[in-house]
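Chemist: Structure incoming, see below.
Throughout, read-outs are computed from the coordinates displayed, never taken from laboratory work. Computed from a predicted structure; not experimentally measured. Virtual Cβ from ideal backbone geometry, glycine too; neighbours counted across all protein chains shown.
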């Protein structure tokens with residue numbers, strides 16, 4: 001797939017679209033109706049049950065907790081401590097809201113999900129439909145659709161491509177990634193949508209006259225990227241970064257698109273492009289130099305092991321492998337986008353009403369809280385919702401209920417329940 005870093009549509013069309021729509025109202029959240037008192041590490045996810053109970057995945061402290069509807073009383077469902085009802089492993093283990101009030105709890109070493117019943121107890125174990133995909137459940141979001149299929153982001157599509165010339169071999173990472181639906185019953189895994197990955201780096205191996213090659217690593221520092229979520233009725237929303245519109249995939253596999261949404265596009269000036277490109281190159285060169293300076297490792301037979309500079313990129317789902325002797329260079333300015341990414345990658349959510357919540361890059365107002373664009377199935381920004389300062393969204397409840405995370409001064413987190421004000 002060819003990657004274009006320029007804006008795909010004329011700005012005049014975006015301006016016309018923006019002027020044709022009245023500015024959506026800005027809503028605020030009321031005071032906390034209830035709040036937890038149990039100290040929490042950084043929560044990885046939340047699961048609100050039909051009777052108001054809330055399951056919180058306290059990944060930092062390796063605990064799975066269930067709070068009652070008042071958020072006052074807590075029950076430990078899983079813990080890393082001995083004697084816990086369920087064992088929470090050494091790594092963060094995400095939860096997925098499943099059918100009814102059941103919940104899936106990932107057991108990555110076993111490549112399986114523990115199915116928790118509405119009381120939070122283990123009901124059964126279900127193998128991951130595609131065992132090799134268990135890696136993709138950690139660090140990314142996953143959902144269960146109304147048919148009980150698991151929807152998640154898979155690995156990059158394809159292998160790195162090579163453009164071979166007489167003197168230079170250019171290696172590019174894959175630039176797209178699938179959103180897949182997997183069935184427990186049939187064990188089939190189908191691609192439902194595709195997302196654009198950011199252009200992260202490009203390796204060039206330059207052949208030397210005396211033999212061998214010298215590697216140059218080109219870093220881009222900025223690129224457009226897509227984001228996604230799934231609504232409560234099973235529609236996958238792929239939010240496109242290049243022109244701010246949504247492509248939808250229904251539970252039946254039918255694809256539709258809604259119009260571009262108004263956005264105040266911010267141009268990236270040449271000086272900022274250069275700063276971003278130079279910063280990305282310097283950070284990578286420092287990483288290469290640090291790797292090169294590490295003590296030599298020996299194989300079991302006593303011979304030196306080759307040094308490899310490798311780092312994982314969770315956003316692209318790829319492993320960047322470089323020679324420690326490589327030279328990091330900044331990307332040319334014409335390969336950096338002319339406009340800023342419109343939203344923050346990895347933050348798109350869906351409420352219980354079928355709306356998609358998108359977090360624009362310019363997202364704080366004078367009060368300092370995050371401001372979300374709330375988009376309906378027609379692709380219209382129906383309202384904007386401003387969070388209180390220092391809060392982020394953990395989960396949604398029915399109607400206008402939102403569960404927020406707040407980091408307290410002592411470093412622990414609490415969860416609070418609030419409602420959107422519509423006066």
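Chemist: Translational diffusion coefficient, Stokes-Einstein: compute it for region 219-289 using the Kirkwood radius over C-alpha pairs as Rh, at 25 °C and 0.890 mPa s, and state it as an integer in µm² s⁻¹.
Modeler: Numbers: Rh = 15.0 Å.
For these conditions, the coefficient is 164 µm²/s.
Chemist: Rounded to the nearest 0.05, what FRET efficiency do residue 252 and residue 419 have when you use their Cβ-Cβ distance and R0 = 51 Å? Before the final figure, lay out each step's value.
Modeler: Numbers: r = 34 Å, r/R0 = 0.66.
That gives a FRET efficiency of 0.90.
Chemist: Suppose a student asked you for the relative contact order of the chain, using Cα pairs under 8 Å spaced at least 6 residues apart; what percent would you report? All intermediate terms of the calculation are to be shown ahead of the outcome.
Modeler: Details: 959 pairs, mean separation 67.0, N = 423.
Once normalised by length, the contact order is 16 percent.
Chemist: I want to verify a result. In a Gaussian network model of the chain, Cα cutoff 10 Å, which of these has the top mean-square fluctuation: 303, 70, 256?
Modeler: Highest fluctuation of the listed residues: 303.
Chemist: Considering the convex hull of the alpha carbon atoms of the chain, report its projected area averaged over all viewing directions, in nm², one decimal.
Modeler: Working: hull surface 101.3 nm².
Convex hull of Cα atoms, orientation-averaged projection: 25.3 nm².
Chemist: In addition: Just to confirm the number: angle between the C-alpha axis of helix 11-20 and the first principal axis of the chain, 0 to 90 degrees, nearest 10?
Modeler: Taking Cα atoms only, the helix is inclined about 10 degrees.
Chemist: On a 0 to 90 degree scale, rounded to 10, what angle separates helix 270-292 from the longest Cα axis of the chain?
Modeler: Helix 270-292 sits at roughly 80 degrees to that axis.
Chemist: Pick from 360, 31, 178 the residue whose mean-square fluctuation is largest in a GNM of the chain, springs joining Cα atoms under 10 Å.
Modeler: Answer for the Gaussian network model of the chain: 31.
Chemist: If each residue of separation counts as 0.36 nm, what is the full-extension length gain between residue 111 and residue 69 once their alpha-carbon separation is subtracted? Show your work: numbers first, answer last.
Modeler: On the way: separation 42, 0.36 × 42 = 15.12 nm, distance 3.20 nm.
Full extension of this stretch gives 11.9 nm more.
Chemist: When the helices in the chain are scored as -39500 (n - 2.57) per DSSP H run of 4 or longer and the sum is shared across all residues, what 222 nm value do you end up with, to the nearest 500 deg cm²/dmol? Walk me through the numbers before you get to the answer.
Modeler: Values: 2 runs with 33 residues, N = 423.
Taken over the chain, the calculation gives -2500 deg cm²/dmol.
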